[in-house]
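Have a look at the structure below, then the notes.
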Amino acid sequence: MAKNLMIQGTMSNVGKSLLTAGLLRVLRQEGFRAAPFKSQNMALNSYITKEGLEMGRAQVMQAEAAGIEPSVCMNPVLLKPTSDVGSQVIVNGEVAGNYSAADYFQYKKSLIPYILDAYHKLEEQADIIVIEGAGSPAEINLKADDIVNMGMAKLVDAPVLLVGDIDRGGVFAQLLGTVQLLEEEEKARIKGFIINKFRGDEKLLEPGPRMLYERCGIRTLGVIPYLAVRIDEEDSLAQQMRGQEEADDFDPALRIMVVRLPHLSNFTDFNPISCLPFVSLQYVDRAAQLESAVPNTARADLLILPGSKNTIQDMKWLRESGMEGAICRHMARGGRVMGICGGYQMLGQKIIDASGAEGGGEIRGMGLLPVTTVLRERKQRSQIRGRVCAFGQEAAAWQPLRDIQVSGYEIHMGESFCEPEGQGGRPFSRLEDGREDGCIQGRVLGTYLHGIFETPEFLRKMMELLWQEKGGEERSLPVCNQMSYQAFKETQYDLLADAVRGHLDMEKIYEIIGI
């Protein structure tokens with residue numbers, strides 16, 4: 001049996017995912033076979049494994065930190081919200097159905113055998129399993145039949161480290177209050193506190209950790225500083241989604257905007273762009289943000305419509321919010337638009353949901369591509385590779401991208417049909433399995449390939465195309481292909497491990513794990 005350790009938090013977004021990744025990286029560096037595990041994840045960012053199974057991106061990120069291939073065993077239950085009160089439930093990488101919150105609460109206990117089976121499969125491959133909780137173990141309204149926090153810790157007899165976020169204030173109340181709301185058996189599982197996201201002089205924390213120990217008998221095992229690492233995060237609280245204003249002295253060579261849809265999914269698609277120092281990547285949800293102060297000038301060099309978990313509802317939002325009109329005006333000013341997955345579907349003529357995959361009905365699309373999409377009950381899931389097509393005159397604006405090899409993964413409920421060549425657009429790429437993907441017409445590009453910007457040559461060529469169109473000289477654009485995005489992420493995992501090793505009592509943590 002593998003050893004284990006569980007990371008729980010006082011609330012969501014305290015840094016559990018990154019600390020889990022950091023610990024996994026440290027264990028890997030120490031020569032252990034370590035693996036991540038999260039019994040139930042709720043996120044709209046997902047990934048497709050080599051087997052064509054769906055799992056949360058956070059566990060993919062953690063697997064990368066551990067230096068192992070992502071497996072659906074690391075995340076046996078994934079909830080993808082479809083509304084404020086319902087989610088698509090994915091079990092062992094396959095869609096189990098759509099459930100309301102109340103129905104899922106009754107259903108989730110039946111998932112325990114699947115969770116334990118996945119965990120035991122991981123045990124066959126790992127020396128140590130680092131388990132991540134969700135939200136807080138002190139959510140007393142949800143404790144009945146818990147399968148992700150203390151309920152999970154009990155199922156596999158895991159010791160727990162509890163993480164609090166000092167950046168959001170009240171960290172000592174977070175930690176002590178959480179402990180006081182637990183049962184005695186649950187309190188006994190907590191072997192240490194971690195204070196995360198600290199800024200300033202650590203000496204100023206005293207006598208806080210000492211008073212915590214006096215009141216509940218649990219020691220603080222370290223204080224992690226606020227880290228500026230660039231690692232995939234899984235939910236809309238991630239730093240890059242907060243719509244922060246640019247620094248006054250930042251003059252980007254290129255400005256790329258992503259429409260922040262209400263049901264936006266897989267925004268990790270754009271992390272490779274956000275790591276380019278000469279690019280401003282902004283998430284926008286108001287029509288005014290797309291308007292340039294200079295008449296007849298597009299404000300964004302590239303406008304991207306991202307993936308969506310509810311394409312029809314997000315198409316309605318585009319229309320009702322005025323964003324659709326703003327996008328059309330962006331096009332009229334000579335702007336470029338790219339759609340990925342659900343965004344690609346919205347750029348077409350019509351979306352038809354006769355099967356009820358998103359509640360039924362149909363809606364007119366934006367009409368920027370000659371494409372009709374029919375939603376299906378069966379989800380298309382696969383890793384894919386292909387090559388960008390050579391384009392005709394009607395798509396000459398994208399000609400510099402021709403013949404580039406691209407790769408990524410598709411994960412969608414719909415099938416999109418393009419008008420025959422010669423009557424409309426051209427396919428964007430031809431896949432190795434013989435299929436065609438996406439559509440290009442004029443200055444509009446659509447594709448189903450998530451992760452396409454992780455292809456170094458595609459990212460480089462796209463940035464060069466945008467820069468040269470602005471009149472920039474080729475040599476004046478900083479080189480963006482010196483390091484692949486994957487290689488960049490490896491440097492970030494190492495920085496994260498350095499912070500964990502340098503600020504936590506690792507000897508005590510090894511003792512807690514039993515190694």
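Condition first: open to solvent by less than 10 Å² (accessible area, probe 1.4 Å), more than 24 Å from Ile384 (Cβ to Cβ) and in a helix (DSSP H, G or I). Now tell me which residues in the range 26-61 satisfy that.
Correct list: Val26, Leu27.
What is the one condition in (1) in a loop (DSSP other than H, G, I, E, B); (2) over 26 Å from Glu410 (Cβ atoms); (3) in contact with a strand residue (DSSP E or B) (Cβ under 7 Å, 6 or more places away or on another chain) that Ser280 does not satisfy?
It fails just one condition, (1).
Run down Ile147, Ile140 and say which single residue is open to solvent by 70 Å² or more (accessible area, probe 1.4 Å) and assigned to a loop (DSSP other than H, G, I, E, B).
From the options Ile147, Ile140, the qualifying one is Ile140.
Working only within the range 178-207, note down all residues that are touching a Ser or Thr at 6+ places or on another chain (Cβ under 8 Å) and either among the small types (Gly, Ala, Ser) or under 23 Å from Asp146 (Cβ atoms) (or both).
Across the range 178-207, the qualifying residues are Thr178, Gly192, Phe193, Ile194.
From the set of residues in the range 97-132 that are modelled with pLDDT of 95 or more and in a strand (DSSP E or B), which is farthest from Asp84 (Cα to Cα)?
In this case the residue turns out to be Ile128.
Based on this model, can you work out whether Gln174 counts as within 26 Å of Arg25 (Cβ to Cβ), part of a helix (DSSP H, G or I), touching a residue at least 60 places away in the same chain (Cβ under 8 Å) and open to solvent by 10 Å² or more (accessible area, probe 1.4 Å)?
Considered against the rule, which asks whether it is within 26 Å of Arg25 (Cβ to Cβ), part of a helix (DSSP H, G or I), touching a residue at least 60 places away in the same chain (Cβ under 8 Å) and open to solvent by 10 Å² or more (accessible area, probe 1.4 Å), Gln174 comes out as yes.
Select from the range 1-36 the residues that are within 16 Å of Pro137 (Cβ to Cβ) and either in contact with a Ser or Thr (Cβ under 9 Å, 6 or more places away or on another chain) or among the hydrophobic types (A, V, I, L, M, F, W, C) (or both) and list them in ascending order.
Within the range 1-36, Leu5, Met6, Ile7, Gln8, Gly9, Thr10, Met11, Ser12, Val14, Leu19 qualify.
If Leu182 meets every condition in (1) over 24 Å from Ala43 (Cβ atoms); (2) without any contact (Cβ under 8 Å) to a residue 40 or more places away in the chain; (3) in a loop (DSSP other than H, G, I, E, B) apart from one, which number is that one?
Here Leu182 clears every test but (2).
Provide a single number: the residues in the range 350-381 that are touching a helix residue (DSSP H, G or I) at 6+ places or on another chain (Cβ under 8 Å), under 16 Å from Asn310 (Cβ atoms), open to solvent by 30 Å² or more (accessible area, probe 1.4 Å) and assigned to a loop (DSSP other than H, G, I, E, B).
Final tally of qualifying residues: 2.
Across the range 150-171, what is the number of residues that are closer than 15 Å to Val14 by Cα and open to solvent by 30 Å² or more (accessible area, probe 1.4 Å)?
Within the range 150-171, residues that are closer than 15 Å to Val14 by Cα and open to solvent by 30 Å² or more (accessible area, probe 1.4 Å) number 5.
Any residue in the range 440-451 that is open to solvent by less than 40 Å² (accessible area, probe 1.4 Å), modelled with pLDDT of 95 or more, touching a Pro at 6+ places or on another chain (Cβ under 7 Å) and not charged (D, E, K, R)?
No; the residues of the range 440-451 include none that is open to solvent by less than 40 Å² (accessible area, probe 1.4 Å), modelled with pLDDT of 95 or more, touching a Pro at 6+ places or on another chain (Cβ under 7 Å) and not charged (D, E, K, R).
Just the residues that are basic (Lys, Arg) and either assigned to a strand (DSSP E or B) or closer than 20 Å to Leu53 by Cα (or both), please, taken from the range 398-434.
Within the range 398-434, Arg426, Arg430 meet the criteria.
Condition (residue is charged (D, E, K, R) and under 17 Å from Asp505 (Cα atoms)) applied to the range 174-192: is it met by at least one residue?
Yes; the residues of the range 174-192 include at least one that is charged (D, E, K, R) and under 17 Å from Asp505 (Cα atoms).
Can you tell me which residues in the range 90-109 are open to solvent by less than 60 Å² (accessible area, probe 1.4 Å) and small (Gly, Ala, Ser)?
Hits for the range 90-109 are Gly93, Ala96, Gly97, Ser100.
What do you reckon, is Leu495 out of contact with any Gly (no Cβ under 6 Å at 6 or more places or on another chain), modelled with pLDDT of 90 or more and open to solvent by 70 Å² or more (accessible area, probe 1.4 Å)?
yes
Okay, residues lined up against (1) open to solvent by 40 Å² or more (accessible area, probe 1.4 Å); (2) at pLDDT below 90; (3) of a type in the set (Gly, Ala, Ser); (4) closer than 30 Å to Ile90 by Cβ:
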position: Phe250; (1), (2), (3), (4): yes, yes, no, no
position: Asn266; (1), (2), (3), (4): no, no, no, yes
position: Asn271; (1), (2), (3), (4): no, no, no, yes
position: Asp285; (1), (2), (3), (4): yes, no, no, yes
position: Thr297; (1), (2), (3), (4): yes, yes, no, no
position: Leu318; (1), (2), (3), (4): no, no, no, yes
position: Cys328; (1), (2), (3), (4): yes, no, no, no
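The values are calculated or read from the model by the stated rules, or taken from the named source; none is laboratory data. From a predicted model like this one, the values you see are computed outputs, not experimental measurements. Glycine also receives a Cβ, built like all others from the backbone with ideal geometry; neighbour counts cover every protein chain displayed. SASA here: full protein model, heavy atoms, side chains in, ligands and nucleic acids out. Shrake-Rupley method; radii C 1.70, N 1.55, O 1.52, S 1.80 Å.
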